[in-house]
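Sharing a structure here in structure tokens format.
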Amino acid sequence: MTKAGAGSGTVTSAPAGVSCGEDCSEAYTIGTSVTLTAVPANDSLFTGWSGACTGTATCTVAMSEARNVTATFALKTFDLTVTKAGTGSGTVTSAPVGVACGEDCSEAYTSGTSVTLTAASANDSLFTGWSGACTGT
């Protein structure tokens, strides 16, 4: 049993033996049917099995030989959307890149990403402040 991907989570087995976070390998007697269950961490998604299992449902393997299974976890993504208001004009950009609002005012960022937004007013306008998830000027 191995884990892959940028996300995190645990995999447990029935019958007991695998508790992957820490114990990702177990010897079972021939003929044992082992069911693996993947549980993503709060900031992650379970995206699927590879190796002796496929798909995203629980993984059941018949132990007729040594088996290898990989559980893949990805970080959740969240949309950040900027809305420009008022009668003036300008642009908003982000670091890391993604938002370039004049044209692209929305971007998906992975869980835990800290995004800095920078407002630049046009020559005939004045930036007066943020509202929503940001406040101040």
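The values are calculated or read from the model by the stated rules, or taken from the named source; none is laboratory data. Because the structure is predicted, anything quoted here is derived from the model rather than measured. Backbone-built Cβ (ideal geometry, glycine too); neighbour counts: all protein chains shown. Just the protein is used for accessible areas: all its heavy atoms, side chains included, with ligands, DNA and RNA removed. Shrake-Rupley method; radii C 1.70, N 1.55, O 1.52, S 1.80 Å.
Return a yes/no flag: does region 56-68 have any residue that is open to solvent by 40 Å² or more (accessible area, probe 1.4 Å), modelled with pLDDT of 95 or more and in a strand (DSSP E or B).
Yes, region 56-68 contains a residue that is open to solvent by 40 Å² or more (accessible area, probe 1.4 Å), modelled with pLDDT of 95 or more and in a strand (DSSP E or B).
Being part of a strand (DSSP E or B), free of Cβ contacts under 8 Å to residues at least 24 places away in the same chain and in contact with a Ser or Thr (Cβ under 7 Å, 6 or more places away or on another chain) is the filter here, so list the residues in region 17-38 that pass it.
At the first step, the residues of region 17-38 found to be part of a strand (DSSP E or B) are 19-20, 23, 33-38.
So of that shortlist, the ones also free of Cβ contacts under 8 Å to residues at least 24 places away in the same chain come out as 19, 23.
Passing the criteria: only SER19.
Given the criterion free of Cβ contacts under 8 Å to residues at least 60 places away in the same chain, within 16 Å of THR12 (Cα to Cα) and either touching a Ser or Thr at 6+ places or on another chain (Cβ under 6 Å) or open to solvent by 60 Å² or more (accessible area, probe 1.4 Å) (or both), identify the matching residue among ALA133, ALA41, ALA52, ALA108.
Unique residue meeting the criteria: ALA41.
Let me ask you something else. Test SER125 against the stated conditions and say whether it is touching a Gly at 6+ places or on another chain (Cβ under 6 Å) and open to solvent by 50 Å² or more (accessible area, probe 1.4 Å). Working first, answer last.
Working: touching a Gly at 6+ places or on another chain (Cβ under 6 Å): yes; open to solvent by 50 Å² or more (accessible area, probe 1.4 Å): no.
So SER125 fails the test.
Determine whether region 3-16 contains at least one residue that is without any contact (Cβ under 8 Å) to a residue 40 or more places away in the chain, charged (D, E, K, R) and open to solvent by 80 Å² or more (accessible area, probe 1.4 Å).
The initial filter retains those residues of region 3-16 that are without any contact (Cβ under 8 Å) to a residue 40 or more places away in the chain, namely 10, 12-16.
After this cut, where a residue has to be charged (D, E, K, R) as well, the list is none.
Within region 3-16, not a single residue is without any contact (Cβ under 8 Å) to a residue 40 or more places away in the chain, charged (D, E, K, R) and open to solvent by 80 Å² or more (accessible area, probe 1.4 Å).
Condition (residue is within 20 Å of ALA16 (Cβ to Cβ), in contact (Cβ under 8 Å) with a residue 40 or more places away in the chain and β-branched (Val, Ile, Thr)) applied to region 59-68: is it met by at least one residue?
no
Can you say whether THR10 is part of a loop (DSSP other than H, G, I, E, B), out of contact with any helix residue (DSSP H, G or I) (no Cβ under 6 Å at 6 or more places or on another chain) and among the hydroxyl-bearing types (Ser, Thr, Tyr), as far as the supplied structure shows?
Values: part of a loop (DSSP other than H, G, I, E, B): no; out of contact with any helix residue (DSSP H, G or I) (no Cβ under 6 Å at 6 or more places or on another chain): yes; among the hydroxyl-bearing types (Ser, Thr, Tyr): yes.
So THR10 does not fit the description; no.
With out of contact with any Ser or Thr (no Cβ under 8 Å at 6 or more places or on another chain), over 25 Å from MET1 (Cβ atoms) and among the β-branched types (Val, Ile, Thr) as the only criterion, which of THR113, THR118 stands out?
Details: THR118 fails: out of contact with any Ser or Thr (no Cβ under 8 Å at 6 or more places or on another chain).
Sole residue among the options that is out of contact with any Ser or Thr (no Cβ under 8 Å at 6 or more places or on another chain), over 25 Å from MET1 (Cβ atoms) and among the β-branched types (Val, Ile, Thr): THR113.
What do you reckon, is ALA100 touching a strand residue (DSSP E or B) at 6+ places or on another chain (Cβ under 8 Å), surrounded by fewer than 12 Cβ atoms within 10 Å (Cβ to Cβ) and either more than 30 Å from MET1 (Cα to Cα) or of a type in the set (Lys, Arg) (or both)? It would help to see each step written out before you state the result.
Values: touching a strand residue (DSSP E or B) at 6+ places or on another chain (Cβ under 8 Å): yes; surrounded by fewer than 12 Cβ atoms within 10 Å (Cβ to Cβ): no; either more than 30 Å from MET1 (Cα to Cα) or of a type in the set (Lys, Arg) (or both): yes.
No: the conditions fail for ALA100.
Can you pull out the residues in region 83-107 that are outside any strand (DSSP E or B) and in contact with a Gly (Cβ under 9 Å, 6 or more places away or on another chain)? Show your work before the answer.
Of the residues in region 83-107, the ones outside any strand (DSSP E or B) are 83-89, 96-99, 102-103, 105.
Scanning region 83-107 gives THR83, LYS84, SER89, GLY102.
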